[in-house]
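Structure record follows, encoded as structure tokens.
The values are calculated or read from the model by the stated rules, or taken from the named source; none is laboratory data. Small disclaimer: the values here were computed from a predicted structure and weren't measured. Counting neighbours? That spans all protein chains shown, and the Cβs are built from the backbone with ideal geometry, glycine included. When the accessible area is computed, the model is the full protein with side chains, heavy atoms only, and any ligands, DNA or RNA have been set aside. Shrake-Rupley method; radii C 1.70, N 1.55, O 1.52, S 1.80 Å.
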Amino acid sequence: VARADGIPLYAVETVRSLVADGLVAEEDGVYVPKGDVTKLTVPETLTALIASRLDALDETDRRLVHDAAVLGQSFTVAALAAVADVPQQDLEARLTSLVRRELLRREMDARSPERGQYAFVQALIREVAYNTLSKKDRKKLHLAAARYFESLGNDELAGGLASHYLAAHGNAAEGPEADALAGQARIALRAAATRASALGSFDQAVVFLSQGLEVASGPNDQIEILREAGLASVSAGKPAQSEEFHSRAMAIARLHSDQSVQARVLAGLCTALGLQFKVQEALALAEPAIAELADAEETALAELKLIYARCLSLGRGDPRRGIQLVEDVLQIAEKRGLIDTLAHALILRGNALYALGRRREALGVTALARDVAADAGLIVPQLRASGNLNNSMTEFNVERSLEGWREGMALARKAGQRGLVIQSAGNIGYMAFLAGEWDLGLAVMDEWLAEDISARDRLIIHNNATIIRICRGESGEDALAELERLGKDMSGKWHVFVADPIGNHGLARGHLEQARDAFTEIAEDDESQGEEYVYRAARPVLWMGDVEPAKQMLDKLVALGGYSPAMAARQTTLRGGIAALEGRGAEALGHYRDALRGWREVKNVWDEALTGIDMATLLDPSEPQVAAAIESTRDILERLGAKPFLERLDAAAARRPEVAQPKRAAAARHEVAVAE
């Protein structure tokens with residue numbers, strides 16, 4: 001379609017060619033494929049037709065068309081003058097004549113960045129003209145075009161300059177000239193890749209770097225190009241592609257490079273593996289390498305230690321060991337002025353401190369990381385640190401956390417950091433879930449679920465989208481099976497992203513033991529989420545009337561330490577439930593009143609609604625304060641479309657006005673009755 005440019009003759013001649021070759025045949029008035037039609041050649045009749053039109057031109061015009069074909073589909077008069085070695089003023093009349101012959105057209109659209117340029121009316125005309133040039137002429141003309149673009153000194157032309165040097169090399173005979181052109185092509189392609197990355201066009205950077213491999217000067221050059229392509233792939237949100245590039249680089253490095261190069265390449269490979277939840281694979285590579293590559297230059301070893309510490313946090317959940325590793329990295333980074341490494345090490349230290357319950361210290365370290373990165377203009381660590389702070393803000397104000405993630409997504413999108421945009425989408429999904437902005441969350445997540453994203457990213461986003469849909473009453477069975485499928489080849493903490501929707505599924509369907517077990521799994525497997533998920537696991541326990549396990553969970557929650565308004569609301573909610581089960585109704589009402597106030601202060605709409613269901617389930621629904629909570633909870637659940645929870649609320653509100661009793665108390669009453 002692109003080559004045809006809307007010319008009907010192209011379609012007609014293509015079908016005739018396919019029929020003649022037996023690849024398409026007529027059956028009952030319809031043409032059907034009879035062979036492989038995925039690779040089409042230009043029909044000879046069409047090629048001959050265009051060639052005859054070009055042959056009909058006088059020699060000067062024909063040479064101009066050939067020269068223009070080297071410049072591409074469109075070109076400026078100045079560029080053609082340089083390549084053809086003809087004064088610009090001598091070209092206008094001839095170009096106008098070629099426009100009249102409908103070989104070229106002039107771009108006149110004021111909205112087009114190519115306004116004033118000339119272009120071939122059909123891509124196929126340019127293709128035929130280019131293919132009739134000898135390799136010697138192509139090399140000469142591409143080199144002339146490269147020299148012209150180089151003379152302009154415009155960074156915006158880096159890609160075009162690189163393509164011409166690469167084409168000149170491809171058409172040169174082997175020897176010193178080809179070697180010299182290869183060197184110029186390497187320089188131009190690396191510059192084009194650097195500019196593409198600076199503009200956030202990381203996929204384009206990967207294309208330029210991949211082309212650079214064709215003219216690499218040796219093993220070390222190949223390694224560096226592959227490593228840069230791997231790093232650009234991470235920014236493009238393609239960790240599997242990054243793994244491929246780094247694996248190729250590592251294979252070469254083991255044979256040809258020193259320990260420092262190997263350490264840097266291995267750090268990139270482990271990063272790519274970690275981003276795919278292939279954590280055990282990454283640890284298996286990084287752990288022995290720390291000792292094996294001990295003679296590597298300290299900055300290279302610092303990179304590897306940093307990635308090893310990150311994989312430890314993803315896999316074994318060993319924050320203390322992570323802090324020890326990060327201390328070495330921080331010392332080297334500070335001493336050597338490695339600001340990017342310093343910022344990432346501070347982020348990782350903040351994560352480890354948070355997992356250890358040292359929350360205020362963690363937030364201070366993370367804020368420092370954000371500021372250090374922002375001052376240095378390092379967008380990736382700035383966004384990562386800001387994201388961690390946004391997650392912490394959930395404990396204080398969910399709406400602000402949601403807005404922070406939306407702002408971060410906009411900044412990541414502007415910078416072309418596709419991987420961080422996708423990460424933001426998953427976090428926006430969960431913050432929207434808590435904030436009661438379910439339609440917003442689904443809109444953001446569904447946009448990315450429709451894209452080609454990595455299995456890890458799909459797992460994280462699909463997890464949060466599934467939670468919302470399950471809470472709205474969808475079955476969730478297929479979604480849960482898909483999450484298991486996505487994670488089957490992963491390692492580390494990937495299963496928490498399956499356990500969360502399983503827990504919500506159990507809570508929504510009344511499978512309370514399932515909910516308790518799933519939420520408990522998350523609390524035990526991920527220390528950083530212990531506070532939230534011990535609390536979530538306690539709710540189905542309260543709904544089952546199990547007062548002793550609920551007390552144990554409250555004790556565990558208190559033992560985790562730390563303070564935030566959300567933490568206070570969690571503890572107060574559980575105290576209210578325990579008091580209700582033990583028949584201390586007035587005390588329970590006081591706790592629940594404080595809990596509702598706390599959830600409203602932090603703008604956590606979902607936990608406010610769940611607390612309202614707690615009250616309806618465990619207290620007298622006819623009590624005025626409980627009745628008021630039921631009505632406000634009903635408003636929330638109706639707005640969210642949380643059908644199964646609305647049904648649970650209505651069932652609780654319609655029961656006889658008696659307070660639920662704990663299982664232990666019921667057993668005691670039975671024992672007394674038997675004794676009497």
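Quick notes
- Residues located in the range 397-419, provided they are farther than 26 Å from SER564 by Cβ and crowded, with 19+ Cβ neighbours inside 10 Å: ALA412, ALA415, GLY416, GLN417, ARG418, GLY419
- Residue within the range 432-446 that is open to solvent by less than 10 Å² (accessible area, probe 1.4 Å) and within 20 Å of ALA515 (Cα to Cα) present: yes
- Long-range neighbours under 6 Å by Cβ, at least six apart or interchain, first residue touching a residue at least 40 places away in the same chain (Cβ under 8 Å) and over 26 Å from TRP448 (Cα atoms) within the range 218-245, second part of a helix (DSSP H, G or I) and open to solvent by less than 50 Å² (accessible area, probe 1.4 Å): ILE223/ALA249; ILE223/ILE252; ILE223/ALA253; ARG227/ALA249; ARG227/VAL265; ARG227/GLY268
- Residues of the range 548-565 that are assigned to a helix (DSSP H, G or I) and either modelled with pLDDT of 95 or more or open to solvent by 10 Å² or more (accessible area, probe 1.4 Å) (or both): GLU548, PRO549, ALA550, LYS551, GLN552, MET553, LEU554, ASP555, LYS556, VAL558, ALA559, PRO565.
- On the stretch given as the range 360-378, residues that are surrounded by fewer than 19 Cβ atoms within 10 Å (Cβ to Cβ) and in a helix (DSSP H, G or I) total 9.
- Contact map, the range 30-57: first residue closer than 17 Å to THR14 by Cβ, second residue loosely packed, with under 12 Cβ neighbours inside 10 Å and modelled with pLDDT of 80 or more, Cβ cut-off under 9 Å, separation 6 or more or different chains; pairs are VAL32/GLU26; LYS34/GLY22; GLY35/GLY22.
- Filtered by the rule that a residue be touching a Ser or Thr at 6+ places or on another chain (Cβ under 6 Å), within 10 Å of LYS603 (Cβ to Cβ) and in a helix (DSSP H, G or I), the range 383-412 gives a lone residue, SER401.
- Residues considered: LEU574, LEU486. Of these, the only one that is open to solvent by less than 40 Å² (accessible area, probe 1.4 Å), under 27 Å from ARG600 (Cα atoms) and touching a residue at least 24 places away in the same chain (Cβ under 8 Å) is LEU574.
- Residues (without any contact (Cβ under 8 Å) to a residue 24 or more places away in the chain and in contact with a helix residue (DSSP H, G or I) (Cβ under 8 Å, 6 or more places away or on another chain)) located in the range 102-116: ARG105, ARG106
- Residue within the range 170-187 that is modelled with pLDDT of 90 or more and within 13 Å of ALA236 (Cβ to Cβ) present: no
- Among the candidates LEU346, LEU312, the residue that is within 25 Å of the chain's Cα centre (by Cα) and more than 21 Å from LEU363 (Cβ to Cβ) is uniquely LEU312.
- Here the condition is being open to solvent by less than 40 Å² (accessible area, probe 1.4 Å), in contact (Cβ under 8 Å) with a residue 24 or more places away in the chain, not aromatic (Phe, Trp, Tyr) and not in a helix (DSSP H, G or I); of ALA119, ALA129, ALA145, it holds for ALA119 alone.
- Subset of the range 308-329 (residues that are at pLDDT below 85 and either open to solvent by 60 Å² or more (accessible area, probe 1.4 Å) or in a loop (DSSP other than H, G, I, E, B) (or both)): ARG316, GLY317, ASP318, ARG320, ARG321
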